[in-house]
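Okay, structure first, notes after.
The values are calculated or read from the model by the stated rules, or taken from the named source; none is laboratory data. None of the values given here were measured: they were computed from a predicted structure. Neighbour counts run over all protein chains shown; Cβ positions are idealised from the backbone, glycine included. Remember, those area values only see protein heavy atoms, side chains included, never the ligands or the DNA or RNA. Shrake-Rupley method; radii C 1.70, N 1.55, O 1.52, S 1.80 Å.
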Amino acid sequence: MARLVTEVMSPVVLIVAVIMIVAVHSAGAGRGLALGLVAVLFAGGIPYTLVLIGVRRGQITDHHITRREQRPPIMVFALASVLVGLVVLDWLDAPRDLFALLASLVVGNVLALPITSFWKISIHAAAAAATVTSLAILVSPWSLILVPLVVLTGWARVEIRDHTPGQVVVGASVGAVVAAGVLLLAA
């Protein structure tokens with residue numbers, strides 16, 4: 001069960017889901033879908049493709065980047081990709097909410113990078129907490145009913161021994177605080 005939760009609640013899955021929901025909510029079905037796909041390409045597609053290539057070549061142990069020392073180069077690449085995505089979204093005159101959501105990914109990545117360089121915080125928990133927080137701020141406060149998914153994600157990461165409870169709590173805290181801070185400032 002914990003492995004299934006880890007896959008379903010993986011950062012790339014959550015990034016795709018939250019981007020598409022926010023894009024359609026803020027720009028309508030047609031334009032939102034198109035802008036969402038652009039944002040997903042830069043925030044999820046390109047970085048995750050690099051991870052899969054690294055796994056295939058044996059440079060990265062697994063698609064969850066379990067080994068802490070393998071994370072920084074991927075995170076820097078993901079940061080660059082999202083920054084390019086922000087430029088493209090600005091050029092496409094994307095809605096403020098979608099732009100702010102990707103900006104929160106940048107800030108979260110910038111803060112998680114130095115932490116994960118010396119301590120392996122849970123990026124899964126950070127992504128889950130940021131997703132729920134982002135949906136609550138940008139779509140509906142009723143999205144807070146999804147908070148148990150953050151707890152479930154944290155449990156799964158501890159259960160399969162990829163993280164300690166402290167690493168999960170810090171990851172979730174960073175995700176929620178960064179998302180709330182950036183999105184409320186952008187409002």
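Structure values in brief
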item: Whole-number accessible area per residue in Å² for the range 26-173, which is evaluated in the context of all protein chains at 1.4 Å; result: 49 Å²
item: Inter-label distance for residue 110 and residue 142, nm, one decimal - labels placed 7 Å from Cα along Cα-to-Cβ; result: 3.5 nm
item: Difference of contour (0.36 nm per residue) and Cα-Cα distance, residue 17 to residue 4; result: 3.0 nm
item: Most mobile listed residue (36, 44, 54) in the chain, GNM with C-alpha springs under 10 Å; result: 54
item: Taking the convex hull of Cα positions in the range 1-145, its mean projected area over all directions (nm²); result: 8.7 nm²
item: Among 156, 34, 100: highest mean-square fluctuation, GNM of the chain, C-alpha pairs under 10 Å; result: 34
item: Estimated FRET transfer efficiency (residue 69, residue 93; beta-carbon r; R0 41 Å; 0.05); result: 0.55
item: Kyte-Doolittle mean at least 1.0 and Cα axial length at least 24 Å: DSSP H helices in the chain; result: 71-91, 96-118, 165-186
item: Relative contact order %, the chain, counting alpha carbon pairs below 8 Å whose residues are six or more apart; result: 27 percent
